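**Student:** Dropping a structure here in structure tokens format, bear with me for questions.
Please treat every number below as a calculation from the coordinates, not as lab data. Everything numeric in this text was worked out from a predicted model, so none of it was measured. Every residue, glycine among them, receives a Cβ derived from its backbone with ideal geometry; neighbour counts consider all protein chains shown.
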Amino acid sequence: MESIHLYFQHGGYEVMFSILATLVISLGLVIERSYRLWMEYDLINSDGFMAMVQKMVMNNSIENAIRLCKKARPKLLPYVLAEGLKRSNDSTQEINNAIDYAVLTVVPKVNKAVSFLATTANVATLLGLLGTIFGLMRSFAAVAKATGAQKQTLLAEGISEALNATSFGLSVALFCLFAYGVLSAKQKTVVDDINKNASKLNDLLYTRKMKLKGAKKA
């Protein structure tokens with residue numbers, strides 16, 4: 001605890017606490033987005049789930065498929081599939097519109113806020129640079145007024161403040177950029193999975209419709 005206190009003291013309290021605030025905000029965002037993307041939004045076995053929906057649709061058990069999707073919420077893919085299944089007896093265009101609207105509704109939830117981590121990374125870097133400038137300014141100002149052995153001490157303190165602020169700012173920026181990369185990759189995986197299976201449902205409902213038309217003609 002003492003070493004952390006000295007680290008902040010030598011880095012300049014104003015800048016160091018500003019960087020710490022940036023870190024706290026970023027951590028809160030990372031925790032919230034990680035929970036949403038891995039625990040709430042992602043459907044781990046989406047292929048298996050889609051296979052069950054497909055089997056029910058081809059057996060003409062649309063209501064059972066809708067019930068299955070409702071049980072799987074708040075996952076986003078089941079919501080999209082349920083919206084398309086509800087319109088299964090409508091025209092192909094109406095089914096397409098329903099699925100597209102559902103996708104447009106859920107995708108912003110997935111993509112929400114993660115890009116802000118790129119901003120906090122830049123802010124942390126710039127705050128570290130600001131701390132460097134403050135440290136050098138204080139160092140040169142003190143050296144100009146000091147005499148003899150005091151010059152070396154004051155210069156060392158100023159350089160220590162500059163380096164501590166820079167190292168803390170860059171460390172926070174690296175964390176933010178790493179978290180941004182991981183969360184962005186997860187976002188893309190979830191969105192791609194939703195789009196892929198939404199298209200599958202579209203084709204599936206179209207095939208079912210054609211099959212029912214053929215049966216009626218026969």
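**Student:** Using alpha carbon coordinates only, what is the Rg to Rh ratio of the chain, with Rh defined as the Kirkwood radius?
**Tutor:** 1.33
**Student:** Same structure again: What's the angle, to the nearest 10 degrees (0 to 90), between helix 62-71's Cα axis and the longest principal axis of the chain?
**Tutor:** 20
**Student:** What distance in nm separates the two pseudo spin-label positions at ASN45 and SER171, each 7 Å out from Cα along the beta-carbon direction?
**Tutor:** Rounded to a tenth, the inter-label distance reads 4.3 nm.
**Student:** As a check on your grasp of the helix formula, calculate [θ] at 222 nm for the chain: sum -39500 (n - 2.57) over DSSP H runs of n ≥ 4, divide by the residue count, round to the nearest 500.
**Tutor:** Helix contribution divided over all residues of the chain: -29500 deg cm²/dmol.
**Student:** To continue, here is another question. State which entries of LYS109/LYS209; LYS71/LYS188; LYS186/LYS211; LYS75/LYS213 exceed 28 angstrom in Cα-Cα distance in the structure shown.
**Tutor:** In this structure, LYS109/LYS209; LYS186/LYS211; LYS75/LYS213 lie more than 28 Å apart at Cα.
**Student:** Another question about this same structure. Expected output is a single nm value to one decimal: the length gained when fully extending between LYS188 and ILE159, i.e. 0.36 nm times separation in residues minus the C-alpha distance. What is it?
**Tutor:** Answer, rounded to one decimal: 6.1 nm.
**Student:** Between THR207 and LEU104, take the C-beta separation as r, use R0 = 25 Å, and let me know the FRET efficiency to the nearest 0.05.
**Tutor:** It comes to 0.55.
**Student:** In nm, to one decimal, how far is the ARG67 label point from the ILE31 one, both placed 7 Å along Cα→Cβ?
**Tutor:** Spacing of the two 7 Å Cα→Cβ label points: 4.0 nm.
**Student:** I need the calculated FRET efficiency for the pair ASN60 and TYR13, taking r as the beta carbon distance and R₀ as 45 Å, to the nearest 0.05.
**Tutor:** 0.05
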